[in-house]
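The values are calculated or read from the model by the stated rules, or taken from the named source; none is laboratory data. What you see is a predicted model; the values in this text were computed from it and never measured. Cβ sites come from the backbone with ideal geometry, for glycine too, and all protein chains shown count toward neighbours. Calculation scope for accessible area: heavy atoms of the full protein, side chains included, ligands and nucleic acids excluded. Shrake-Rupley method; radii C 1.70, N 1.55, O 1.52, S 1.80 Å.
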Amino acid sequence: MVTKRKKQGAYMISAVAEMYAIHPQTLRLYEREGLYTDEDLERLEFILNLARDLGVNIAGIAIVLQMRERMEAMNAQMSEFVDYVRGEMLGRMQQAQQNQQAGLVPLVPRMPRAGVRQTGPVIVVRAPRKK
């Protein structure tokens with residue numbers, strides 16, 4: 001179905017009926033038949049809690065809902081970032097483990113001598129052990 005609205009908002013049944021050329025009673029029938037998702041009901045409960053229990057007006061409810069959506073988006077981004085960092089750490093730990101098995105010795109950082117500038121890490125390779 002092609003959407004007939006450009007942005008998300010709150011509409012009265014008569015406005016929605018006119019936008020989609022549906023009789024208002026049809027929309028009420030859908031409502032009676034329970035054509036709502038759990039997410040819709042959770043959102044309605046949240047809105048009613050803001051209005052009835054906390055006394056938030058319509059403008060305040062709109063702001064709270066926008067902030068809530070932004071926080072959910074940021075939470076999703078943070079989860080993706082944590083997953084990325086976790087993957088990178090696991091990869092580097094596996095690489096370090098493979099290097100140790102291959103005979104590479106990790107360098108313990110040393111304090112540079114006065115006047116000497118260290119330009120980067122140094123890798124020390126152990127000679128193979130004689131059997």
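Got a number for residues in the range 7-25 being of a type in the set (G, A, S) and either touching a strand residue (DSSP E or B) at 6+ places or on another chain (Cβ under 8 Å) or at pLDDT 80 or above (or both)? Adding up the residues that qualify gives 4. Note on the range 26-57: residues that are at pLDDT 80 or above, more than 21 Å from E72 (Cα to Cα) and surrounded by fewer than 11 Cβ atoms within 10 Å (Cβ to Cβ) total 5. Residues that are over 19 Å from Y11 (Cβ atoms) and touching a Leu at 6+ places or on another chain (Cβ under 9 Å) within the range 51-63 comprise V56, G60, listed in sequence order.
Within the range 83-98, residues that are modelled with pLDDT under 95 and part of a helix (DSSP H, G or I) have Cβ atoms under 8 Å from residues that are open to solvent by less than 100 Å² (accessible area, probe 1.4 Å) and not aromatic (F, W, Y) in these pairs: A96/P106, counting only partners at least 6 apart in sequence or on another chain. Check G60 against each of (1) at pLDDT 80 or above; (2) assigned to a loop (DSSP other than H, G, I, E, B) and name the one condition it does not meet. Status for G60: all satisfied but (2).
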